[in-house]
């Protein structure tokens, strides 16, 4: 994940230099987005990992030991990062269209590298599977699993390729981000059926990530349609 | 801002080595923001750049220390499972 974040940052700054965006302003925007993304990722992890009653009891009793075992959820990071970036862009008065053009296509690359980290660590694993390319996980001893992290990494690279083709033409503000949200939410919604770590929480017949996928898909479609009307 | 960035950069470089990776990330990110803003002042650009670089390194180290535990535990257990 760390390699993904820093490789992405390097590529974003390189692209920003090409389209004449200020180095200092971009650093500020990226730092605020990263902070907000880490906060969002941790917050969503805590919300989906602990039942609300247990969490409330811990907070009321002042037991904050759970913070040392905090993990991260990508969707929390994505939403936190987008909100942080919007605030930072307004503060630094940067052109949304230009920043979007140099940031969004590299998000799936960072995510792809992050998923390879998941594959090596054994987290975010798939269902029980014995076919070709099956992997072992530290979290499910003695069983082989579907390499869902690898599949997601490959699909993220495909999304990056689509976005790099898409930014060749001049697009309205938030258009590239909306396309990314649509593509990734479809991918994530589908891949959730192949996941084996059900500890991430579910509501009715869908997992938390699938509900977020549905919301982000609708947001992406609305943004894309509104911009097309304009 | 340049001085603040330098101080935060130095402080946050220490945290990963005492097991406070998450604190290093928070302090490092603040240091990065102050360093970038401090670079706009021509007189203190050098100091701000030093603070910026140290803060970026501390964020990287903090993230590695924060996330490496899970990877190490996973790797060791995976090796154990394979050996069994």
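Residue selection: residue A:101 fails the criterion of being touching a strand residue (DSSP E or B) at 6+ places or on another chain (Cβ under 9 Å) and either surrounded by 16 or more Cβ atoms within 10 Å (Cβ to Cβ) or assigned to a helix (DSSP H, G or I) (or both).
Considering the conditions (1) out of contact with any helix residue (DSSP H, G or I) (no Cβ under 6 Å at 6 or more places or on another chain); (2) within 10 Å of chain A (Cβ to nearest Cβ); (3) modelled with pLDDT under 85; (4) more than 30 Å from residue A:142 (Cβ to Cβ), residue B:63 is excluded by exactly one of them, (1). With respect to the conditions (1) surrounded by 15 or more Cβ atoms within 10 Å (Cβ to Cβ); (2) farther than 21 Å from residue B:31 by Cβ; (3) more than 24 Å from the chain's Cα centre (by Cα), residue A:45 lacks only one, and its number is (3). Of the numbered criteria (1) on the phi > 0 side of the Ramachandran plot; (2) in contact (Cβ under 8 Å) with a residue 60 or more places away in the chain; (3) surrounded by fewer than 22 Cβ atoms within 10 Å (Cβ to Cβ), the one residue A:142 fails is (2).
For every residue, the table says whether it meets (1) within 14 Å of chain B (Cβ to nearest Cβ); (2) more than 26 Å from residue A:20 (Cβ to Cβ); (3) over 23 Å from the mean Cα position of the chain (by Cα); (4) part of a helix (DSSP H, G or I).
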{"site": "A:62", "(1), (2), (3), (4)": "no, yes, yes, no"}
{"site": "A:90", "(1), (2), (3), (4)": "no, no, no, yes"}
{"site": "A:105", "(1), (2), (3), (4)": "no, no, no, yes"}
{"site": "A:109", "(1), (2), (3), (4)": "no, no, no, yes"}
{"site": "A:114", "(1), (2), (3), (4)": "yes, yes, no, yes"}
{"site": "A:131", "(1), (2), (3), (4)": "no, yes, yes, no"}
{"site": "A:142", "(1), (2), (3), (4)": "yes, yes, yes, no"}
{"site": "A:152", "(1), (2), (3), (4)": "no, yes, no, yes"}
{"site": "A:161", "(1), (2), (3), (4)": "no, no, no, yes"}
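None of A:13, A:43 is within 14 Å of chain B (Cβ to nearest Cβ) and over 27 Å from residue A:203 (Cα atoms) except A:13.
The values are calculated or read from the model by the stated rules, or taken from the named source; none is laboratory data. Small disclaimer: the values here were computed from a predicted structure and weren't measured. Glycine also receives a Cβ, built like all others from the backbone with ideal geometry; neighbour counts cover every protein chain displayed.
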